[in-house]
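Asks: Take this structure first; my questions come after.
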Amino acid sequence: QCGYSSDHEVSRPEIGKVGVPINSLEDFRILFDQIPIEEMNTSMTINGTSMWLLSLYVALAEERGVPLEKLNGTTQNDLIKEYLARGTYIYPPKDSMKIIVDMYEYCLHNIPKWNPSNICSYHLQEAGATPVQELSFALATAIAVLDAIKERNCFTHEEFEQCVGRISFFVNAGIRFVEEMCKMRAFTEMWEEITKERYGVKNAKYRVFRYGVQVNSLGLTEEQPENNAWRILIEALGVTLSRNARCRALQLPAWNEALSLPRPWDQQWSLRLQQVLAYETDLLEYPDIFEGSKVIEAKVKALKEEAKLEIQKILDMGGALVAIENGYMKSQLVKSQTERLSKINSNELVIVGKNKWTDGIKSPLMTDSDGGIFKVDPKSAEQTLGVLSEVKGRRNAEIAKKSLEDLKQAAKDGKNLMPYSIACAKALVTTGEWADALREVYGEYNPPTGVDGQKLFLSDDKVATVRGKVDAFTKAHGHR
């Protein structure tokens, strides 16, 4: 995720805890063993190293003799939300956007069924975004990507329309499910307007707002985690009840996701919820049951008006990249999250089991021999490190070194990096080596930490103790 191989000191404690560790083409050979990639739609939730992961996938396809035009899938590759929310960015914003445009240029001409990036507002809500912020920041991100593609001037208008059609979205559905449903209707209408009016997309199929949803994990609680099952159900209704706001793909977190990665049974339980909704209820048998609702129409209208004002404010600054560099968007999310947490801490916002009705019977779901949560087998981490060491030992060191030098030179010359990254993948270059080569050229992005002017409204003995320590430190050292 952050461009380190598994043997790096920051990676070793994390092996197997945050997804599948991928160090080289050898790991993709293992991962996709007996999986026909020419028949699959593969989604990679990857951002800072998205070009590298796609290059590994291309290298695997060519190794198997699979024509690239048969590959189908998505690299998330939304760096703006990484700067705002998740933090797995590596390079400065402008260099990261250049990499994204490289991928659009390469994919349209070589892997036409691939979505080079997926605008992911999901993590914005996890970082505290209001519905208006999720709408406006996500759409401002999509505008930034499309403006950068237009600036490259590497496509005909027809090809550019195809690029617009390859933009997909991944959104969040929170517990206020009527508001979330209205947000989805607003997203769809605003994307139609932006693609038609700002970019002149004539082909209606390329203006479709294509999106998947994961329901909210932010609201899941470690306290009384069994309550999360009902939260997940209610959140799923927000993106399924209304046909005009119904997602095309849905993934649900597990009841115990506030505690750990879900185990297979936990994942199965979430899957069964979708199947009950789809096959046992009459949800899919009717047109939109909210059509003509004055309440829904008014809420959608209000969300759109507020989001348009916010988008315009960002565009007036110079666009999303400028709003990242000057800290505007980040500060707005911190402010929203601070307000949310303050309301929880003051009991103004009720979270069942966390700040109200906290007494209860201990959950029997937590009484398994594993404590009800996933634990990593240390042997799997050793196996990962063993494969990495073996690959480094048997590859042609000269070819690997030359491919990295060629990659660095291409970055210095401003060339499209995809062909050079694919050459690195075939030479069994590792994730860390690929990322370090580009770090040498682009540097690493280190944003300012902390946002001034935010205050959490807390009051109890522990908080008083902490504040006393802060004050004492400030007096002793002259700063907080």
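Asks: Over region 1-117, what percent of the accessible surface lies on carbon and sulfur atoms, probe 1.4 Å?
Replies: Ligands and nucleic acids excluded, carbon and sulfur give 48 percent.
Asks: In addition: Calculated from DSSP H runs of 4 or more alone, at -39500 (n - 2.57) each and per residue, what is the 222 nm mean residue ellipticity of the chain, nearest 500?
Replies: Rounded to the nearest 500, it is -16000 deg cm²/dmol.
Asks: Taking Kirkwood radius over Cα pairs in Å as the quantity of interest, determine which of (i) 24.4; (ii) 27.2; (iii) 22.1 was computed from the displayed structure.
Replies: (i)
Asks: To the nearest 0.05, how large is the calculated FRET efficiency for N110 and A472 if R₀ is 56 Å and r is the Cβ-Cβ distance?
Replies: 0.40
Asks: Once the other residues with Cβ under 13 Å from the Cβ of Y122 are scored (Lys, Arg +1; Asp, Glu -1), what is the net sum? Kindly include the intermediate steps, with their values, before the conclusion.
Replies: Numbers: positive: K81, R86, K183; negative: D78, E82, E126, E134, E180, E235.
Overall, the nearby charge balance is -3.
Asks: May I ask you to give the solvent-accessible area per residue for region 218-293, in square angstrom, as obtained with a 1.4 angstrom probe?
Replies: Here the per-residue accessible area is 54 Å².
Asks: Per residue, how many Å² of accessible area does region 154-197 show with a 1.4 Å probe?
Replies: Per residue, region 154-197 has 36 Å² of solvent-accessible surface.
Asks: Something else about it: Taking a threshold of 28 Å on the Cα-Cα distance, which of the pairs K17/K412; K113/K402; K113/K330; K70/K98 fall above it?
Replies: Result: K17/K412; K113/K402; K113/K330 exceed 28 Å.
Asks: Can you check what the net charge comes to around V10, using other residues whose Cβ is under 15 Å from the Cβ of V10 (Lys, Arg +1; Asp, Glu -1)?
Replies: -2
Asks: Give me the percent of the accessible area of region 227-368 that comes from carbon and sulfur atoms, probe 1.4 Å, all protein chains in place.
Replies: For region 227-368, the apolar C and S fraction of the accessible surface comes to 56 percent.
Asks: Only Cα pairs under 8 Å and at least 6 apart count here; give the relative contact order of the chain as a rounded whole percent.
Replies: It comes to 20 percent, rounded to a whole number.
Asks: Less than 14 Å Cβ to Cβ from G200, Lys/Arg counted +1 and Asp/Glu -1: what total charge do the surrounding residues give?
Replies: Details: positive: K150, K196, R198, K202, R207; negative: D147, E158, E159, E161, E192, E193, E197.
Taking every other residue near G200 into account, the sum is -2.
Asks: How large is Rg/Rh for region 170-221, to two decimals, with Cα atoms and a Kirkwood Rh? If you can, show how the numbers build up before the last one.
Replies: On the way: Rg = 13.6 Å, Rh = 12.3 Å.
Ratio of gyration radius to Kirkwood radius for region 170-221: 1.11.
Asks: Please give, to one decimal in nm, the separation of the simple spin-label points placed at W265 and T42, each 7 Å out from Cα toward the Cβ.
Replies: 3.2 nm
Asks: When ligands, DNA and RNA are left out and all protein chains stay put, how many square angstrom of accessible area per residue does region 37-125 have with a 1.4 Å probe?
Replies: Counting only protein heavy atoms, the per-residue value for region 37-125 is 28 Å².
Asks: While we're here: Just how far, in whole angstrom, is region 319-372 from region 208-229 if you go by their alpha carbon centroids?
Replies: So the two Cα centres are separated by 12 Å.
The values are calculated or read from the model by the stated rules, or taken from the named source; none is laboratory data. On a predicted model such as this, the values are computed, not experimentally measured, just so you know. For neighbour counting, all protein chains shown are included, and Cβ atoms are generated from backbone atoms with ideal geometry for every residue, glycine included. Note: accessible area is taken over every heavy atom of the protein model, side chains too, but ligands, DNA and RNA are not part of it. Shrake-Rupley method; radii C 1.70, N 1.55, O 1.52, S 1.80 Å.
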